[in-house]
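First comes the structure, then the notes that go with it.
What follows draws every value from the coordinates through simple rules; no lab data is involved. Computed from a predicted structure; not experimentally measured. Ideal geometry is used to build each Cβ from the backbone, glycine not excepted, and the neighbour counts take in all protein chains shown.
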Amino acid sequence: MGVANDHSIAWGIAKNLADHGAQLAFTYQGEALRKRVEPLANSVGSNLLVPCDVEDIASVDEVFATLARKWGKIDFLVHAIAYSDKNELKGRYADTTRDNFSKTMVISCFSFTEIAKRAADLMHDGGSIITLTYGGSTRVMPNYNVMGVAKAALEASVRYLASDFGPQGVRVNAISAGPIRTLAGAGITDARLMFNYQRAHAPLRRTVSIEEVGGSALYLLSDLASGVTGEVHFVDSGYNIISMPHPEALKA
Ligand code: NAD
């Protein structure tokens with residue numbers, strides 16, 4: 001859930017899963033995106049596409065009713081969905097409006113709880129669920145603002161859901177990706193500066209690709225990670241461990 005085009009993190013994940021033999025279904029947000037998602041889905045052998053706008057709970061229910069009808073059960077789910085008003089992804093967090101706070105939280109955080117609950121119901125032999133987060137959840141990233149607050153709540157949801165579903169063998173984890181040039185990523189003011197800063201200061205001195213996020217997702221969604229739940233796993237070139245930029249990078 002969350003492919004908008006071939007730059008989407010969800011697409012990097014889907015491609016990697018398909019390359020390793022997974023059978024996939026895709027959701028798309030609205031008819032305009034169907035035109036982009038359908039050829040991508042077809043290219044990995046999937047013709048199961050269902051519309052889903054997480055603001056409309058009936059469409060979420062329809063996704064899982066369709067999966068129940070077609071497959072009866074599922075093994076994993078990827079939630080790669082976020083939204084906030086672009087005008088509030090700049091300036092001060094303090095100026096966030098009540099309306100956009102609610103909308104951001106419902107789409108970027110609460111949708112994960114609603115979706116995970118329905119997915120877990122279809123995981124009859126255990127399963128694995130992941131969502132996508134960003135380090136702006138625990139440390140202040142200029143302009144990330146309300147999205148950082150939503151990601152903090154999303155990461156807390158991962159831990160509570162991991163506890164709820166653990167007894168039935170369903171694991172819940174998050175991947176915290178470094179900045180990647182996607183539609184959503186470009187919505188953050190000065191995103192280019194974020195990319196450049198990451199390149200200059202992350203231990204690996206570069207940003208990460210959607211394929212690299214896909215590799216870590218494959219691990220978390222497969223039995224390779226059968227003992228892992230409730231985790232926030234960083235795929236960010238190591239940026240999260242840095243306190244002060246390296247003096248050599250500062251001198252350059
Ligand atoms: P993207 O724009 O390709 O994907 C965002 C997706 O969210 C789109 O497919 C869009 O259709 C979907 N979406 C938004 N509102 C929706 C709604 N109401 N109902 C259903 N779907 C809705 O961008 P992306 O960067 O691939 O984002 C995927 C996830 O990765 C997001 O949670 C984002 O916060 C997270 N993330 C992104 C970055 C980055 O730098 N790009 C870094 C860390 C985490």
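Between Asp164 and Glu248, the simple label model (points 7 Å from Cα in the Cβ direction) yields a spacing of 4.7 nm. Between 0 and 90 degrees, the angle of helix 57-70 with respect to the longest Cα principal axis of the chain falls at about 50 degrees.
Taking a ≥ b ≥ c as the square roots of the eigenvalues of the Cα gyration tensor, the stretch 49-168 is classed as prolate, since a/c reaches at least 1.5 and a/b is larger than b/c. Could you line up Glu31, Glu155 from fewest to most neighbouring Cβ atoms inside 10 Å? Exposure proxy ranking, most exposed first: Glu31, Glu155. Quick one: longest stretch of the chain between exposed loop trypsin sites (Lys or Arg not before Pro), exposed meaning at most 15 other C-beta atoms within 10 Å and loop per DSSP? The reported range is 1-72. Set the Cα radius of gyration of the stretch 75-251 against 2.2 N^0.38 Å, with N its number of residues, and you get 1.06.
With 30 Å as the limit on Cα-Cα distance, the pairs of Lys151/Lys251; Lys70/Lys151; Lys35/Lys73; Lys90/Lys117; Lys35/Lys86; Lys70/Lys117 that go past it are Lys151/Lys251; Lys70/Lys151; Lys90/Lys117.
Rounded to the nearest 10 degrees, the inclination of helix 191-201 to the longest alpha-carbon principal axis of the chain is 70 degrees.
Compared with the dominant Cα axis of the chain, that is its longest principal axis, helix 31-43 is turned about 80°. Among Glu231, Glu248, Glu62, Glu88, a tally of other beta-carbon atoms within 10 Å of each Cβ gives an order, fewest to most, of Glu248, Glu62, Glu231, Glu88.
With neighbours defined as other Cβ atoms within 10 Å of a residue's Cβ, the residues Leu154, Leu204, Leu67 order from fewest to most as Leu204, Leu67, Leu154.
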